[in-house]
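Below: one structure, written as C-alpha cells.
All of the numbers you see were taken from the coordinates with simple rules; none came from a lab. Predicted model only: the values in this text are computed from it and were never measured. FYI the Cβ positions are ideal-geometry reconstructions off the backbone, even for glycines, and counts take in every protein chain you see.
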Amino acid sequence: MTRVYNFSAGPACLPEWVLKKAASEMLDAHNSGMSVMEMSHRSSEFQDIIDTCKARLKRLMNIPDEYEILFLQGGASLQFTMIPLNLEKHNVDLINTGQWTKKALKVVASSAEDNFTYIPKIKQEDLSEDSDYVYICENNTIYGTKYKELPPHEGKLLVADLSSCILSERTDVSKYDLIFAGAQKNMGPAGLTVVIIKKDLIGLADEKTPSMLNYKTYADNDSMFNTPPTYAIYICGLVLEWLETQIGGLENMEKINRQKAKLLYDYIDASKLYSNPVVPEDRSYTNVPFVTGDKDLDTKFVKEAKEAGIVNIKGHRTVGGMRASIYNAMPLEGVEALIAFMKKFEEENYHA
Ligand code: PMP
C-alpha cells in the first residue's frame, strides 16, 4: 500500500489516525456488531455518536451556549439559499472575494478587478444603510485569500462561509451570527454541512419555507428530523477526537498550520520559478495557489508531481496553475515533500 500526499481542495485528505480507527470499527462499531453505516439513526449507539460529535465541536471551538449547532446536507452551496430564506432579512452587503461570494444581490466591495488577489478593506460607512447582514467567505479556497480581521458590521449580522478554514485555527464564534462550512475540507467527508447559528435567529423564516430548508426543523429535532448523513457525522466525530486527543486542540493546530504555510510561502517567494499572486497580508493558511508563469510548464509540474506521489495539486479550473491545499490533515512532512519536489523541478526547468 502506498499513501500519497493529497493536496486536494476538497474532498480532502483525512488524518490517518481517523482512517485507521474507522477501519478498525468497520465491522463492529461501538459494540453494536455492525458498521455505523448500517446503524439506525434512532439507535442509542448513533445518538451517542452525534451527541459526542456536537459536544466535541462545542468544546473545541468554544461555542457559546447562545448558539445552536446544526448538521445539515446539501453541501455548503445549499446555505446560499437557506441563509436568505431563514434570516428573513433580504438586504445583504456582500464583499466579493471570488467564486464563493459572487452570486450575491448587492456587492459593497470587491477585489474582482485585481483577480481577487486581496481582501477588500471596508469601513462601516461603506455598508448600505438598509442592509441587514454582511456576508463574507472567510477563506477563499480558489484564490487563496483569508480575512485576518473581520469587516466592520455594526448594527448588522455577520454571516460567514468558513468551509475552507473552519478548525484550522482558533475562532471567536461570538463575533459571528451565523457560520457555515461544508465538512469535506477540514471536518470529514462530503455530505455533511455544519451550521453554527445564534439561537435567536432560528424560527424567523416565512411560514411558506419548506420544512427541509428551515433551520427550525433541524434545531427542534436535534438535526434528526429525517435521516442525517450518519457516516459523515461519525467520521467528523473522529476528526474532532483526533484534534482533541492527538493534536491537543485548536491552538496547537493553528501553530502547526502557520508553520506549514510559512514554509511554503517563504519557499515560493524566494524561488525564481514560482510565484503566488496574493498580497502577503491576505494570504490563506490553508489554500496556497502558485504558478510558474508558463502554462505548459504548469501542466508538466502537475504530471511529474503526481508521479512523485504529490496529487491533486492542479489549480482550480477557473484560475489554472497549481494549488496546494494544506488543511489540518496534511502533515508537515507532506509540505516538506512538496517543497523538495518543487526545488527539484525548479532546478530541472528554470533557465534564467
Ligand atoms: N464555499 C467554499 C469556500 C468552498 O470552497 C466551496 C466548495 N469548494 C463551497 C462553498 C461549496 O461547497 P459544496 O460543494 O459543499 O456545496
Query raised in the report: Hey, what's the per residue convex hull volume over the C-alpha atoms of the chain, in cubic angstrom?
Result: 135 Å³
Query raised in the report: By average Cβ neighbour count within 10 Å, what is the ranking of 230-242, 271-283, 71-83 from highest down?
Result: 230-242, 71-83, 271-283
Query raised in the report: What is the dipole size for the stretch 161-214, taken about its Cα centre, with +1 at each Lys and Arg Cβ and -1 at each Asp and Glu Cβ, in debye to the nearest 20?
Result: 140 debye
Query raised in the report: Of the residues 113, 88, 68, which exhibits the maximal mean-square fluctuation in a Gaussian network model of the chain defined by a 10 Å Cα contact cut-off?
Result: 113
Query raised in the report: In terms of Cα to Cα distance under 16 Å, which aspartates and glutamates are near enough to residue 58, apart from those fewer than 8 places away along the same chain?
Result: 48, 66, 68, 169, 172, 177, 222, 241, 244, 251
Requested in this report: For the stretch 117-157 and the stretch 196-258, compute the distance between their C-alpha centroids and round to whole Å.
Outcome: 23 Å
Report summary line: Rg/Rh over Cα atoms for the stretch 221-334, Kirkwood Rh, comes to 1.07
Requested in this report: Among the lysines, select those whose C-alpha is under 23 Å from the C-alpha of residue 123, and discard any that sit fewer than 8 residues away in the same chain.
Outcome: 89, 102, 103, 106, 146, 148, 156, 175
Query raised in the report: Which of 302, 273, 332 sits farthest toward the positive end of the charge dipole of the stretch 265-352, with +1 on the Cβ of Lys and Arg and -1 on the Cβ of Asp and Glu?
Result: 302
**Report entry** Gaussian network model of the chain, Cα within-10 Å springs - most flexible of 315, 293, 188
**Finding:** 293
Report summary line: Loop-resident GluC sites (Glu not before Pro) in the stretch 150-236 with no more than 13 other Cβ atoms inside 10 Å, DSSP not H/G/I/E/B, are 154, 207
Requested in this report: Jot down the radius of gyration and Dmax of the stretch 47-168, Cα atoms only, both in angstrom.
Outcome: 15.5, 50
Requested in this report: Among 75, 64, 32, pick out the residue whose Cα is farthest towards the positive end of the charge dipole of the stretch 1-86, where Lys and Arg carry +1 and Asp and Glu carry -1 on C-beta, about the Cα centre.
Outcome: 75
Requested in this report: Take the stretch 136-269, compute every pairwise Cα distance, and split them into 5 Å bins from 0; I just need the percent in each bin.
Outcome: 2, 9, 15, 19, 20, 17, 11, 5, 2, 1, 0
Query raised in the report: Using a simple charge model, +1 on the beta-carbon of Lys and Arg, -1 on the beta-carbon of Asp and Glu, nothing else, what dipole does the chain show about its Cα centre, in debye to the nearest 20?
Result: 740 debye
